[in-house]
1. Extension gain A:SER124-A:GLN255, at 0.36 nm per residue separation less the Cα-Cα distance, in nm?
2. What is the distance in Å between the Cα centres of segment B:116-144 and segment A:210-269?
3. Pairs of alpha-carbon atoms within less than 8 angstrom and 6+ residues apart define the contacts here; what relative contact order does segment A:146-272 have, in percent?
4. Which angle from 0 to 90°, rounded to the nearest 10, does the C-alpha axis of helix B:123-135 make with the longest principal axis of chain B?
5. Out of B:THR230, A:SER195, A:GLY77, whose Cα points farthest toward the positive end of the dipole of the protein assembly as shown (charges: +1 Lys, Arg; -1 Asp, Glu; placed on Cβ)?
6. If packing is taken as the average count of other Cβ atoms within 10 Å, what order do A:275-283, B:184-192, B:202-210, B:76-84 fall into, highest mean first?
7. Hey, if you put +1 on the Cβ of every Lys and Arg and -1 on every Asp and Glu Cβ in segment A:1-136, which of A:SER2, A:ILE39, A:GLN97 ends up farthest toward the positive end of that dipole?
8. Taking the simple approach of a point 7 Å from Cα along Cα-to-Cβ for both B:ASP73 and B:ARG143, what is their distance in nm?
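What follows is calculated from the coordinates using simple rules that are stated; it is not laboratory data. What you are looking at is a predicted structure, and each value in this text was computed from that prediction instead of being measured. Virtual Cβ from ideal backbone geometry, glycine too; neighbours counted across all protein chains shown.
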Amino acid sequence: MSRETLLNAGLALLLLVLPLAATALGEPFYVSLATRMAILALAGVGLNLALGFGGLISFGHAAFFGIGGYAAGILAGHALNAEPLLSWPFEFSGSDQMHVVWLVAALASALAALLIGAISLRTSGVYFIMITLAFAQMFYYFAISWPAYGGEDGLSIAIRNGFPGLNTALPMDFFLICYVLLMLALVLSWRIRDSRFGAALQAARQNDVRVAALGIEPFRTRLAAFILSGMITGVAGALYADLNRFVSPSMISWQMSGELIVLIILGGAGRLFGPVVGAMLFVLLEFLLGGLTERWQLFLGVILLGVVLFARGGVIGLLVGRARHG
Amino acid sequence: MAEPVLDIRRLSKSFGALKATDDVSLDLRAGEIHALIGPNGAGKTTLIQQISGALKPSSGSIRFLGEDVSALDVAERARRGLARTFQISSLTPEFSALRNVMLAVQARQGSSFRFFRDVMTDASLTEPAIAALSRVGLGDRVRTPAAELSHGERRQLEIAIALALRPKAFLLDEPMAGMGPEGSRALTVLLDGLRAEAPILLIEHDMDAVFALADRISVIVYGRIIASGTAAEIRADSAVRVAYLGEPG
């Protein structure tokens with residue numbers, strides 16, 4: 001087993017033991033902290049597909065995070081009030097079940113990613129960054145100016161959506177749902193990285209002229225990755241709304257997009273567990289430093305600067321060295 | 001006579017007032033090596049760019065395997081069997097030599113939308129890739145990242161990638177550039193046998209290799225083809241001697 005595999009296993013275990021220990025010690029607050037870590041890590045695993053493997057620096061992934069969040073909020077609201085959400089082509093009156101919410105979140109995010117990707121992936125570099133940002137801002141202002149679903153004030157979820165066989169109101173049950181989804185996304189991400197599709201995607205990041213000369217379309221490869229990436233981040237958004245039992249336009253803000261990028265860079269872009277380390281550190285710093293000062297992001301900035309200057313592979317790169325490709 | 005594999009008719013490309021390609025017609029027939037020579041800046045790479053689809057010609061047509069491919073993009077032409085190597089090695093630097101070639105095998109199989117199986121355990125990718133690497137003499141550098149290969153080894157890797165595509169025609173842009181005498185000799189032997197698999201349009205500055213290999217030679221100067229013929233005819237052509245081979249008329 002490589003050092004990276006060992007480190008990854010250790011991290012997965014640590015994230016699981018943390019809330020178990022907190023529950024045993026009667027400190028449920030730390031369970032919700034670990035849940036936040038798992039959800040942000042999941043959003044990061046999504047972004048890492050595009051940004052880490054594909055080199056697509058999306059500054060608009062908050063759009064998918066927010067779409068997932070609103071999917072949870074809107075479906076739950078309609079289910080509570082028994083107002084039909086759709087009457088055509090089929091009757092649909094929302095849902096307070098997480099698996100339905102995730103499906104809707106993933107499909108809506110996929111559609112948005114198809115739209116955003118089909119246009120933005122025709123550009124590259126700083127133009128790509130700006131177009132993805134612009135799209136996310138459009139979604140942001142759309143959410144703000146949509147009074148039916150709370151507008152600027154956001155939307156509360158009266159009762160956390162349920163999941164068959166579990167009591168999601170219990171912090172530990174909800175944590176386990178988030179944790180299992182994170183692990184599934186990591187397995188998917190690991191398989192994709194080593195697959196033919198992953199090879200084409202990572203090669204297109206390194207040299208798209210070469211990839212096209214082989215007969216593989218970089219655009220189609222990237223678009224598929226971007227859609228998958230948006231779907232995973234969308235599901236994370238749905239969980240985030242359920243965690244807070246609240247969704248607001250701030251989930252779509254450009255700061256949110258920035259935070260997702262930051263936690264990937266912090267952990268190690270293109271590394272399987274990069275987003276996991278990043279999210280754990282991010283939430284931990286927010287908790288520890290946020291207790292000392294409101295300006296805790298100043299310290300985050302200093303740490304990020306250190307990582308960018310001295311540890312380009314992020315924390316994972318610092319601990320186990322550069323990635324090896326077969 | 002059978003239609004040529006690659007048939008270029010009256011191709012022109014202008015950059016402003018500069019005519020980089022000026023009414024060029026040439027063809028590539030099954031089983032041959034057709035060498036394209038000319039001084040630096042004559043427009044050889046510009047011509048290759050247009051044939052491969054990276055540059056759009058101002059006018060003229062390109063037919064490949066009996067069909068007009070002028071409107072197709074680079075990837076589509078590659079899928080139809082046009083394999084191009086680059087004058088300056090163009091590789092995926094973080095990938096090992098093996099994975100560089102495996103990507104070509106995967107592209108030939110037309111199967112890049114598979115999301116689960118680990119490519120390193122897929123013998124239908126690794127075996128043809130290792131065979132191609134052995135053929136160019138990189139059999140002992142399989143696991144080395146492309147970025148860590150020497151200049152000459154990268155040139156060999158370019159050839160291995162082209163081989164793995166099993167194309168219907170090769171476009172080789174100065175494959176011997178910077179290779180050293182031993183590497184050039186080995187590559188000359190390889191290309192000599194390769195023409196039976198698919199014809200080769202060869203751009204090359206190494207005149208020993210060109211005259212040893214080419215069935216036909218075309219000479220391009222200032223974007224125009226000034227002479228075309230067998231090696232013996234080109235050697236005897238006085239215009240070529242003045243313009244390119246550096247001999248007084």
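1. Taking 0.36 nm per residue and subtracting the Cα distance, the gain is 45.0 nm.
2. The two parts, judged by their Cα centres, are 33 Å apart.
3. 40
4. 50
5. Farthest towards the positive pole: B:THR230.
6. A:275-283, B:76-84, B:202-210, B:184-192
7. Projecting each Cα onto the dipole axis, the largest value belongs to A:SER2.
8. 3.7
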